[in-house]
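Before any comments, here is the structure.
The values are calculated or read from the model by the stated rules, or taken from the named source; none is laboratory data. The model shown is predicted, which means the values in this text are computed figures rather than measured ones. Heads up: the accessible areas ignore ligands, DNA and RNA and are worked out on the full protein's heavy atoms, side chains in. Shrake-Rupley method; radii C 1.70, N 1.55, O 1.52, S 1.80 Å.
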Amino acid sequence: MSAQREVVVVGSANADLVVAVDRRPGPGETVLGSDLAVHPGGKGANQAVAAARLGGRVGIVGRVGDDPHGDLLRGALGGAGVDLTHLSTTPGPSGVALITVGPDGDNSIIVSPGANARLTPADAAGAREMIAAASVVSFQMEIPLPTIVAAARMASAAGVRVVLNLSPPA
């Protein structure tokens, strides 16, 4: 990639599967919810899209699965103007977040990492040029810690500002 990126996100992309409920079920209980809504999400993808919508030149280093959710995520990121050069497709499922939303708007989320769990330090190394050319590199805890550490070291060595969202807590 020849163009410098202001923001590089090394992180997650998830399909958000959302159901609204009147109340959350207790152990062993079933409750009815709304129709299922599927949205592109994931802390990393959300950061990348937000930065691109604010006018930033943004690239993402991540992984999606070779499933329909991966297609959804690629389409949403690309449609927002995020550079997908280092968004790899991995055999198997994409990351998925199962989200219930209560009537007060409060949510509960379970994340199945899918392809996000297979983002490696080697993936970061393959994006070394893009990382070193950025103004800011952003991370979240939805990808493996060794990958975060490797990419953060690359960014730091190049004098690039590193931002880490400590969510979800490890």
Of the accessible area of the stretch 16-62, computed with a 1.4 Å probe and all protein chains kept, carbon and sulfur make up a percent value of 55
Under the helix-only model (-39500 (n - 2.57) for each DSSP H run of 4 or more, divided by the residues of the chain), the mean residue ellipticity at 222 nm, to 500 deg cm²/dmol, is -8000 deg cm²/dmol
Mean projected area (nm²) from the convex hull of Cα positions in the stretch 88-170 is 6.5
The percentage of the accessible area of the stretch 79-170 (probe 1.4 Å, all protein chains present) made up of carbon and sulfur atoms, to the nearest whole number, is 60
Amide H proximity to residue 14 below 5 Å, modelled H, separation 5+ or other chain, gives 41, 42, 45
Both in Å, the radius of gyration and Dmax of the C-alpha trace of the stretch 5-69 are 16.1, 49
In Å², rounded to a whole number, the accessible area per residue of the chain with probe 1.4 Å is 50
Cα-only Rg/Rh for the stretch 1-128 with Kirkwood Rh rounds to 1.04
If each part is reduced to its alpha-carbon centroid, the stretch 115-170 and the stretch 1-69 end up apart, in Å, by 18
Between residue 20 and residues 5 or more places away or on another chain, the pairs with built amide H atoms under 5 Å apart involve 34, 101
